[in-house]
C-alpha cells in the first residue's frame, strides 16, 4: 500500500498540490456489552478507507473515500485539489506554510502482551455474564450494565516531504455501572470494583446530599483526570486558542500573551503532554502529520508554558510542531488533539492529605462536566463524596458537585499525591470529542488524588 | 448517493446469505461536505463518503451484530458470518419475538437536488457572505457550512424493505466584536431556503449590540430563551426521560408519573418523524414506521418512544424509534422533537418583562442529576439584560443549574412561531419556539 499511497500523492501533485499527505486506515473493533435487562451481545466492526489532505495555493483541501479502485482514487485526488482551490478564495494572508521536515521511514506498534482482538469472544461474553450474574444477587441493585472494547487501528501514512510511517495502535478497556433506585432517587456507581459499586450505589440512596458551601476539596484520581482533561488539556490546544473551534468546541482563556508568564496554578501544579508514556490511550509513535511523539511541558510549577501544536500553527510562534495532530479513522482531517495530559505526581499520599485536612469533602468518579466556551468557569458533578472531619473521612454524601474558575482552582491546589503505591495512574479517556464533523478520539491522563483549598461545593 | 435500487440490491444480497437464521441489515450511506472558517478565512474544507452496513443475525433468540463499510462480496459475507458467530456466543433475549414484519411506510420526499449539488465553490461563496460583512465592519467571523446527503435502507428475512434518501444543509456562524460574540444558524433540507445575508446580519447585530458587557450576580431571573437555547434545555428531557428504557429502568422522572401533571399546562412536547418542518424520516433502523408520540400533553406525562424489543416489555407497539444495535448509555431517544407554540411574539415577550434576561444559546451543557433532569451550562454569544420591557445591556455569561422539570413548570410565555434548531452538541434537531421561564436559576458567572 505504501506504493499506492505514493501514487495518490503523485496524482495530487500533478493536479497542483504543493503539499499532500495520505492515510490508509483499517479500524477493527469488537465491542461486547451486556446488562441485567438485555442479554450479552457482541459486535465485529471494520472500517477501511483512504484520506487525502492537500495544500494548494496555501489553502487546505481534504477528501476521503472507501472506494479504492484507481478511478475513484483519481476522482478523490481531483476533488481534494478542487476543495483546496475553493478554500484559497478566502485564505489567511499568504496562506499556510509548513515547517520543513526531513524524510523518514518508520514503523511503530503498540507494545502489548495480548492483542484484545485475539481474545475469544466467548471469553469476553463469559466475563461480562459473570459480572451480571453477580449483580443480580446484590441487594438494592435495580440495574447493572457492563461493556468491553477491543480496538486495533492499522495506519499507513505518507507525505510529499518523504514521511512514510506504518503504525498499529491497540487499545482495550471495560466499564461496569450499577444503578440503585429509591423513592424519587436514582444513584449510580461505575468504573470501580464491581462488588463495591453495587454496595455503594445502594448505600448512596440513604446518604445525605452534599451540603452547599465553600470548603477544602480532595479529589480522587479519576476526578482529577477529568479536571485535567477539561480545564488544561482543551485550553492548551492551539487551534482552539486561535479560534479555529469557535463555532463548536469553543476557544480558550489561555491566549498567546499568557504563554510563559501566566500563573495557571500553584507551585504544586506541573502538567505535561506525553505521547510517549507506556500504556496511555494517548500514546503513539507519530502523529498524523508524521511528527514523532513527544513529551512537552505545559505547566511548570504553576506557570503556563506551552501549547499543543501542529506543523501549520507552531511556526506562527517560532516553534516546531510538538506532534499532536491526530485524526479519527481515515475519513477525518487531523486536528490538534490531546495526547496523555498528565499532572505530575506530588510528594504526598492520599492518606496524608486526608489526615492533613481539618474540614472538607472528598469526591470521586465524575458524573457530569460542563465548562464555558473559554474553559474558565466549570462545574463537575460526582457519583460519590465523603465529608472530611478532623483528618478522617466521615459520612458518605450524594449528588456532590464543585464549581469554580480554572486558574483560581488550580491555584488553590496545595497537595498532589503520587508517593503512595499505584496512586498515580494513567486513566483512559476514550470519548474526547472535537471538530466538525465531530471526531471522538482516545486520550489519556496521568493523575493522582489532590487537594484544593476553599472550593465551592454542593452546587446542583 | 448510491440510490434506492443499488442500496436495496446490496441488502438483498446480504439477506440472501441468511440460511437457517433471521437477519436484519441496514445500510447507512453518507456523503458529507463541510467548510469551516475562522478569523475571516477558510481553514478546513472537506468531503467524505462512507457507508456503514450493520447486520443483526438472530438464531435461537440470540443476537449478534457486525458492521463493515466496504460493500464487496467478501465484506458482505464477512459481515453476515461475523454477526452469526457473535449470535451463537450471545445470551438469549427473552423479549425477542422474531424480527418485525413489514408495515406500510409513508412516502416522504426529503431529497433536494440543490443541496446535494452544492460544490466547494458554492460553500466558499456562502461563507464569504459572512466573512465580507464581518470584514467590512472590522469584525471577525467563524463558522461552518455542512451540506450533504444521507441514505438509509433496511431489509430483513421477515420481508422488510425500506429506503429513504435525504439532504441536509447546516450553516452557522459566530461573529466576534472585541470580547463579544453573536451567533446565528440555519438548518434545512433545502439550502436555497438559507438567506446568508440574513444569517450574517443576525450574528453581526448580536455581536455589536451593547459593546460593554456588565457583570450580573448569579441569582434567579425571569429569562427568555431563544430557540437555540431552548434546544439545550429540551435536550436533557430527550436524553434522560422520553425513551422506553429510561422509563422501564426507572431512570426517567416520568417513570412513576405517567398520566400525572409534571409540568405547566402550556407545555406540550412530542416527537413526529413525519412532520416536514423537522428533519423528517419515515422509518427507524428496524424499518418500522415512525409514529407521533406525545411525551408531555398540556403538562401531563403521556408517553415515551419504543422499538420492538422495549415495546414487548410494556405490551405496546413500536413507535419506530429503534437506534443502533449496540445499545448506548442513554438507550432509546426521540428523533424529531417539537414543542407547542404559544401566542406572543418575541418582542411582546421582551416587552412584558419587568426585569430579566435574554439568552441566545448555551455551551457545554450537562446533567448532574438525570433522574430529576437537573442541568447546568453557561450562556454564550449574546446574553442581555431586560429592564422595563427593553434590552438595556449585554451581560457577561452566566452558569445556570436548574431542574428542567421544575423550570418547565414555570414557563410564563411561549412564542407564536417556532423553527428547526439544534442544541450546542447537535444531539437533536428539534422544532422549537422561544420561551420565557420565571425565576430561572443562575448559579455562577464568567469573566466575559
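The values are calculated or read from the model by the stated rules, or taken from the named source; none is laboratory data. It should be emphasised that the depicted structure is a prediction, and the values quoted were computed from it without experimental measurement. Positions of Cβ are generated from backbone atoms using ideal geometry, with glycine treated the same way; all protein chains shown enter the neighbour counts.
Against the conditions (1) out of contact with any strand residue (DSSP E or B) (no Cβ under 7 Å at 6 or more places or on another chain); (2) buried (at least 20 other Cβ atoms within 10 Å of the Cβ); (3) in the same structural domain as residue B:55 (by TED's automatic domain parsing), where does residue B:197 fall short? Just the number, please.
(2) is the only condition that residue B:197 fails.
From B:383, B:441, B:427, which residue is in contact with a strand residue (DSSP E or B) (Cβ under 6 Å, 6 or more places away or on another chain) and either at the interface with chain A (Cβ under 10 Å from one of its Cβ atoms) or under 30 Å from residue B:276 (Cβ atoms) (or both)?
Values: B:383 fails: either at the interface with chain A (Cβ under 10 Å from one of its Cβ atoms) or under 30 Å from residue B:276 (Cβ atoms) (or both); B:427 fails: in contact with a strand residue (DSSP E or B) (Cβ under 6 Å, 6 or more places away or on another chain).
Checking each option against the conditions leaves just B:441.
What tally of residues in region A:319-355 results from selecting those that are more than 23 Å from the chain's Cα centre (by Cα) and within 17 Å of residue A:304 (Cβ to Cβ)? It would help to see each step written out before you state the result.
Step one: of region A:319-355, the residues more than 23 Å from the chain's Cα centre (by Cα) are A:319, A:347-355.
Imposing the further condition that a residue be within 17 Å of residue A:304 (Cβ to Cβ) reduces the set to A:319.
Here the count works out to 1.
For region B:39-61, which residues satisfy the criterion of being over 23 Å from the mean Cα position of the chain (by Cα), free of Cβ contacts under 8 Å to residues at least 40 places away in the same chain, assigned to a strand (DSSP E or B) and more than 7 Å from every other protein chain (Cβ to nearest Cβ)?
B:57, B:59
Just for region A:44-66: of the residues that are within 11 Å of chain B (Cβ to nearest Cβ) and outside any strand (DSSP E or B), which one is surrounded by the most Cβ atoms within 10 Å (Cβ to Cβ)? Working first, answer last.
Of the residues in region A:44-66, the ones within 11 Å of chain B (Cβ to nearest Cβ) are A:44-54, A:56, A:58-66.
Subset that is outside any strand (DSSP E or B): A:58, A:66.
Values: A:58: 17, A:66: 20.
Only one residue fits best here, namely A:66.
So, residue B:30, is that one within 30 Å of residue A:58 (Cβ to Cβ), surrounded by fewer than 18 Cβ atoms within 10 Å (Cβ to Cβ) and in the same structural domain as residue B:163 (by TED's automatic domain parsing) or not?
Numbers: within 30 Å of residue A:58 (Cβ to Cβ): yes; surrounded by fewer than 18 Cβ atoms within 10 Å (Cβ to Cβ): yes; in the same structural domain as residue B:163 (by TED's automatic domain parsing): yes.
When the stated conditions are applied, residue B:30 passes them.
Is it true that some residue in region B:234-250 is crowded, with 20+ Cβ neighbours inside 10 Å, over 23 Å from the mean Cα position of the chain (by Cα) and closer than 23 Å to residue B:369 by Cα?
Scanning region B:234-250, I find at least one residue that is crowded, with 20+ Cβ neighbours inside 10 Å, over 23 Å from the mean Cα position of the chain (by Cα) and closer than 23 Å to residue B:369 by Cα, so the answer is yes.
Here's a check for you: in region A:30-40, which residue that is in contact with a helix residue (DSSP H, G or I) (Cβ under 8 Å, 6 or more places away or on another chain) and part of a loop (DSSP other than H, G, I, E, B) is modelled with the lowest pLDDT?
A:37
For region B:69-79, state whether one or more residues are over 26 Å from residue A:26 (Cβ atoms) and either in the same structural domain as residue B:150 (by TED's automatic domain parsing) or buried (at least 19 other Cβ atoms within 10 Å of the Cβ) (or both).
The initial filter retains those residues of region B:69-79 that are over 26 Å from residue A:26 (Cβ atoms), namely none.
Checked region B:69-79: no residue is over 26 Å from residue A:26 (Cβ atoms) and either in the same structural domain as residue B:150 (by TED's automatic domain parsing) or buried (at least 19 other Cβ atoms within 10 Å of the Cβ) (or both).
Only one of these conditions is not met by residue A:391: (1) farther than 19 Å from residue A:209 by Cα; (2) within 14 Å of chain B (Cβ to nearest Cβ). Which number is it?
Unmet condition: (2).
Going residue by residue through region A:178-192, is there one that turns out to be assigned to a strand (DSSP E or B), away from chain B (no Cβ under 14 Å) and farther than 27 Å from residue A:454 by Cα?
Taking region A:178-192 as the starting set, the residues that turn out to be assigned to a strand (DSSP E or B) are A:178-182, A:185-190.
Add one more test, that the residue is away from chain B (no Cβ under 14 Å), and what stays is A:189.
Keeping just the survivors that are farther than 27 Å from residue A:454 by Cα gives none.
Checked region A:178-192: no residue is assigned to a strand (DSSP E or B), away from chain B (no Cβ under 14 Å) and farther than 27 Å from residue A:454 by Cα.
Yes/no matrix, rows are residues, columns are (1) assigned to a strand (DSSP E or B); (2) over 28 Å from residue A:103 (Cα atoms):
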residue	(1), (2)
A:20	yes, no
A:28	yes, yes
A:42	yes, yes
A:68	no, no
A:83	no, no
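For region A:18-38, state whether one or more residues are more than 10 Å from chain B (Cβ to nearest Cβ), under 27 Å from residue B:141 (Cβ atoms) and either buried (at least 23 other Cβ atoms within 10 Å of the Cβ) or more than 30 Å from the chain's Cα centre (by Cα) (or both).
Checked region A:18-38: at least one residue is more than 10 Å from chain B (Cβ to nearest Cβ), under 27 Å from residue B:141 (Cβ atoms) and either buried (at least 23 other Cβ atoms within 10 Å of the Cβ) or more than 30 Å from the chain's Cα centre (by Cα) (or both).
Among the residues of region A:113-146, which ones are within 15 Å of residue B:86 (Cα to Cα) and in contact (Cβ under 8 Å) with a residue 40 or more places away in the chain?
Answer for region A:113-146, where residues must be within 15 Å of residue B:86 (Cα to Cα) and in contact (Cβ under 8 Å) with a residue 40 or more places away in the chain: A:117, A:121, A:124, A:125, A:128, A:129.
If a residue has to be assigned to a helix (DSSP H, G or I), in contact (Cβ under 8 Å) with a residue 40 or more places away in the chain and crowded, with 17+ Cβ neighbours inside 10 Å to count, how many in region B:81-121 make the cut?
Within region B:81-121, residues that are assigned to a helix (DSSP H, G or I), in contact (Cβ under 8 Å) with a residue 40 or more places away in the chain and crowded, with 17+ Cβ neighbours inside 10 Å number 6.
Would you mind stating whether residue B:422 is assigned by TED's automatic domain parsing to the domain that holds residue B:222 and surrounded by fewer than 23 Cβ atoms within 10 Å (Cβ to Cβ)? I'd like the intermediate steps shown before the answer.
On the way: assigned by TED's automatic domain parsing to the domain that holds residue B:222: yes; surrounded by fewer than 23 Cβ atoms within 10 Å (Cβ to Cβ): yes.
Answer is yes for this residue.
Report, by residue number, each residue of region B:386-404 that is touching a strand residue (DSSP E or B) at 6+ places or on another chain (Cβ under 9 Å) and away from chain A (no Cβ under 11 Å).
Filtering region B:386-404 for residues touching a strand residue (DSSP E or B) at 6+ places or on another chain (Cβ under 9 Å) gives B:386-388, B:391-404.
B:386, B:387, B:388, B:391, B:392, B:393, B:394, B:395, B:404 - these are the residues of region B:386-404 that are touching a strand residue (DSSP E or B) at 6+ places or on another chain (Cβ under 9 Å) and away from chain A (no Cβ under 11 Å).
Residue-by-condition table, conditions (1) closer than 30 Å to residue A:78 by Cβ; (2) within 11 Å of chain A (Cβ to nearest Cβ); (3) assigned to a helix (DSSP H, G or I):
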| residue | (1), (2), (3) |
| --- | --- |
| B:1 | yes, no, no |
| B:29 | yes, yes, no |
| B:33 | yes, yes, no |
| B:37 | yes, yes, no |
| B:66 | no, yes, no |
| B:79 | no, yes, yes |
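Going by the structure shown, is residue B:356 in contact with a strand residue (DSSP E or B) (Cβ under 7 Å, 6 or more places away or on another chain), more than 12 Å from chain A (Cβ to nearest Cβ) and in a loop (DSSP other than H, G, I, E, B)?
no
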